[in-house]
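One structure is given here, and the rest of the page talks about it.
The values are calculated or read from the model by the stated rules, or taken from the named source; none is laboratory data. Keep in mind that what you see is a predicted model, and the values were worked out from it rather than measured. Here the Cβ is made from the backbone with ideal geometry for all residues, glycine too, and neighbour counts use every protein chain on show.
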Amino acid sequence: MKADITELLILFDEIDKFATNEELGVYWFRFARSDGAIITLSFSIYECDASVLVYNKNDVAFAHIRMKKCSEIRILDESKKCLEIIHDDNKGRCFLHLTGDSIVTYEE
């Protein structure tokens, strides 16, 4: 799976150093919104999977999506903090808008 770690560091507040393992190609990024929602993006470059978790400060999950057979994570709009996760077969796409009203959108 392709992902530009440097670009993702610009969008997200922090990388979780305890969960991230660069040797294994596993990364965890977090973004805290002003409304208290926390968005976590985790993915494995070698296993080609990605997860998005949206929760609040009380660790109550609003949404969790796990996608397998991902081919790429790409930034769509850096200023709006928007990215997409694309599947290998190009049938499914997950849009993640860190600052938007609709945080996660999935389309097939």
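A few remarks follow.
- The residues listed here are D13, D49; of these, the one that is under 13 Å from the mean Cα position of the chain (by Cα), crowded, with 16+ Cβ neighbours inside 10 Å and among the acidic types (D, E) is D49.
- Members of the range 59-103 found to be β-branched (V, I, T), over 16 Å from D49 (Cβ atoms) and surrounded by 11 or more Cβ atoms within 10 Å (Cβ to Cβ), listed by number: I75, T99, I103
- Residue count for the range 46-91, restricted to those that are of a type in the set (G, A, S), farther than 16 Å from R30 by Cα and in contact with a Cys (Cβ under 9 Å, 6 or more places away or on another chain): 1
- Pairs with Cβ under 6 Å, 6+ apart, first in the range 19-36 and in contact (Cβ under 8 Å) with a residue 12 or more places away in the chain, second of a type in the set (D, E) and not in a loop (DSSP other than H, G, I, E, B): R30/E14
- Every pair of residues 6+ apart whose Cβ atoms lie under 9 Å, when the first sits in the range 67-80 and is under 16 Å from I5 (Cβ atoms) while the second is exposed (fewer than 14 other Cβ atoms within 10 Å of the Cβ) and among the hydrophobic types (A, V, I, L, M, F, W, C): I75/I10; E78/I10
- Pairs with Cβ under 9 Å, 6+ apart, first in the range 86-108 and within 23 Å of R33 (Cα to Cα), second modelled with pLDDT of 90 or more and aromatic (F, W, Y): L98/F12; L98/F31; T99/F31; S102/F95; V104/F95; T105/F95; Y106/F95
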